[in-house]
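Written below as structure tokens is the structure these notes are about.
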Amino acid sequence: MSSVVLVIVVVLVPAVMFAVPWWMLVAAPTGRSGTRFRVGTVACVLGYLCLPVALFLGHGPPQFDPAAIVGDVLLGVLWVVFVWSVIGSVVRGALRVVRVERIRASRGVALAVVAVSVVLTGYGVYEARRVPQVRTVDVAIPGLADGLDGLRVVVLTDTHFAAIDRAEWSRRVVDVVNAQQPDIVGLAGDLVDGSVANRADQVAPLARVEAPLGRFYITGNHEYLDDAQGWIDYMASIGWQPLHNAHRTVERDGDRLVVAGIDDPTADVPGHGPDLRAALAGTDPELPTVLLAHQPKQVADSSAVGVELQISGHTHGGQIWPFHYLVRLDQPVVAGLSRHANNTQLYTSRGTGYWGPPMRVFAPSEITVLVLHPQR
């Protein structure tokens, strides 16, 4: 990262994100005077100084979990308050146009912004922490044999086990997955944030997942922030099959399907990195392929070789509205089933967990059941 980009990310972006709420909630309603103005200003300055320090201590080399929790919560709340402060500034401007007195308009809008932010923060925490709802999607696959009609592929992705202990949540997710009676379970990356030593207790319940045709795992970008190979080895040790640029052919009632997986494009470990050609080497070209690839934009390569279905995560559906607009600048799809070149289909999950801020606003998590059918 260049020094200019670093300054923008660490200094300027947080400054703007604090400055807008400061103006809307502190300066404008108080007329920039009085005790509330001074206390509010000090709080904003302290928050601005605390945020990068907490995120560095929590997600940087120190890996100090309490700091990560503080930084993540502060970041999530700040994003909600910033977004609704921006919306509030538009409303305040409209009130001024219709000649509502300035202080009265500022105070009314500030109260509304605070109320909406509190409600959405509470809702967002609940939405992120609950066990995801099951989303069932029928997918027609060209070349799928009749013996595989109704094959159930359960998709987990972006669990992001991290500083907040979610071992009990993990056990409940496994119960829901098993209740879907999956034939195959795929975990499409971003399993954790942290090392095997620190996060294994949260991941361990995944050993109970039941899928007669296979449990498959690929790396996401976050594994490469810590110990990707360690997590590949750990998942193998609890009975999952890591697809490190590899494939397996599964069979039911004499009919077969290729399940393949590739590494994340951010891989910076020797011997890692997406290699679709290696993943598909030796496959029967007459068989349809289901590919696990963490990022939706990898569909450009998948469609080029005619993969029938790619399963991805990474986007979180935006996680906290309206962040999905920024996600869309980097990825071709934010969520759901989409069609691409050469009849390739892509299913993008909104994710099973959450990253960073323990919040989801208008982007609910999901446990996905893809029910495969032959294309008639």
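The values are calculated or read from the model by the stated rules, or taken from the named source; none is laboratory data. Because the structure is predicted, anything quoted here is derived from the model rather than measured. Note that each Cβ is placed from the backbone with ideal geometry, even for glycine, and that neighbours are counted across all protein chains shown. Ligands, DNA and RNA are stripped out before the accessible areas are found, and what is left, the full protein with its side chains, is counted by its heavy atoms. Shrake-Rupley method; radii C 1.70, N 1.55, O 1.52, S 1.80 Å.
Being within 19 Å of residue 337 (Cβ to Cβ) and not in a loop (DSSP other than H, G, I, E, B) narrows it down to one residue among 136, 121; which is it?
Only one candidate qualifies: 136.
If residue 168 satisfies every condition in (1) in a helix (DSSP H, G or I); (2) within 30 Å of residue 31 (Cβ to Cβ); (3) free of Cβ contacts under 8 Å to residues at least 24 places away in the same chain; (4) of a type in the set (D, E, K, R) but one, which is the exception?
The single condition residue 168 does not satisfy is (2).
Quick test of your reading of the structure: residue 221 fulfils all but one of (1) touching a residue at least 60 places away in the same chain (Cβ under 8 Å); (2) of a type outside the set (A, V, I, L, M); (3) surrounded by 24 or more Cβ atoms within 10 Å (Cβ to Cβ). Name the failing condition by number.
Answer for residue 221: the failing condition is (3).
What number of residues within segment 48-62 are among the aliphatic types (A, V, I, L, M) and open to solvent by less than 60 Å² (accessible area, probe 1.4 Å)? Steps first, please.
Let us first name the residues in segment 48-62 that are among the aliphatic types (A, V, I, L, M), namely 49, 51, 53-55, 57.
Then drop every residue that is not open to solvent by less than 60 Å² (accessible area, probe 1.4 Å), which leaves 51, 54-55.
Summing the residues that are among the aliphatic types (A, V, I, L, M) and open to solvent by less than 60 Å² (accessible area, probe 1.4 Å) in segment 48-62 gives 3.
Across segment 139-165, what is the number of residues that are surrounded by 19 or more Cβ atoms within 10 Å (Cβ to Cβ) and part of a helix (DSSP H, G or I)?
1
Looking only at segment 294-307, which residues are open to solvent by less than 40 Å² (accessible area, probe 1.4 Å), under 24 Å from residue 255 (Cα atoms) and in a loop (DSSP other than H, G, I, E, B)? Walk me through how you get there before you give the answer.
Going through segment 294-307, the residues open to solvent by less than 40 Å² (accessible area, probe 1.4 Å) turn out to be 294-296, 298-299, 302-303, 306-307.
Okay, now just the ones that are also under 24 Å from residue 255 (Cα atoms), so 302-303, 306-307.
Matches in segment 294-307: 306, 307.
Can you give me the ranges of the strands (runs of 3 or more DSSP E) entirely in segment 204-280 with at least 1 residues that are of a type in the set (Asp, Glu)?
Because the criterion is at least 1 residues that are of a type in the set (Asp, Glu), the strands (runs of 3 or more DSSP E) in segment 204-280 that meet it are 246-252, 255-261.
I'd like to know if segment 182-195 contains one or more residues that are open to solvent by 30 Å² or more (accessible area, probe 1.4 Å), among the aliphatic types (A, V, I, L, M) and either touching a residue at least 60 places away in the same chain (Cβ under 8 Å) or closer than 29 Å to residue 274 by Cβ (or both).
Kept after step one, since they are open to solvent by 30 Å² or more (accessible area, probe 1.4 Å), are these residues of segment 182-195: 195.
Filter once more, so that each one left must be among the aliphatic types (A, V, I, L, M): none.
Among the residues of segment 182-195, not one is open to solvent by 30 Å² or more (accessible area, probe 1.4 Å), among the aliphatic types (A, V, I, L, M) and either touching a residue at least 60 places away in the same chain (Cβ under 8 Å) or closer than 29 Å to residue 274 by Cβ (or both), which makes the answer no.
Could you pull out the residue among 275, 330 that is over 18 Å from the mean Cα position of the chain (by Cα), surrounded by fewer than 24 Cβ atoms within 10 Å (Cβ to Cβ) and either modelled with pLDDT of 95 or more or not hydroxyl-bearing (Ser, Thr, Tyr) (or both)? Show your work before the answer.
Details: 330 fails: over 18 Å from the mean Cα position of the chain (by Cα).
The conditions single out 275.
Just to be sure I understand the filter: pairs with C-beta atoms under 7 Å, separated by 6 or more residues or on different chains, first member in segment 338-356 and in contact (Cβ under 8 Å) with a residue 40 or more places away in the chain and in a loop (DSSP other than H, G, I, E, B), second member open to solvent by 10 Å² or more (accessible area, probe 1.4 Å) and acidic (Asp, Glu). Which pairs pass?
As it stands, the answer is 344/308; 356/72, since those pairs meet every condition given.
Given (1) more than 24 Å from residue 291 (Cβ to Cβ); (2) open to solvent by 10 Å² or more (accessible area, probe 1.4 Å); (3) not hydroxyl-bearing (Ser, Thr, Tyr), where does residue 124 come up short, assuming only one miss?
(2)
Taking only segment 87-107 into account, find how many residues are small (Gly, Ala, Ser) and farther than 14 Å from residue 23 by Cα. Can you show your working first?
Keep residues of segment 87-107 that are small (Gly, Ala, Ser), which gives 88-89, 93-94, 105-106.
With farther than 14 Å from residue 23 by Cα added as a condition, the list becomes 94.
Residues meeting the conditions: 1.
What number goes with the only condition from (1) within 20 Å of residue 222 (Cβ to Cβ); (2) modelled with pLDDT under 95 that residue 31 does not pass?
Here residue 31 meets the rest and fails (1).
Among the candidates 9, 42, 80, single out the residue that is at pLDDT below 95 and assigned to a helix (DSSP H, G or I).
On the way: 42 fails: at pLDDT below 95; 80 fails: at pLDDT below 95.
The match here is 9.
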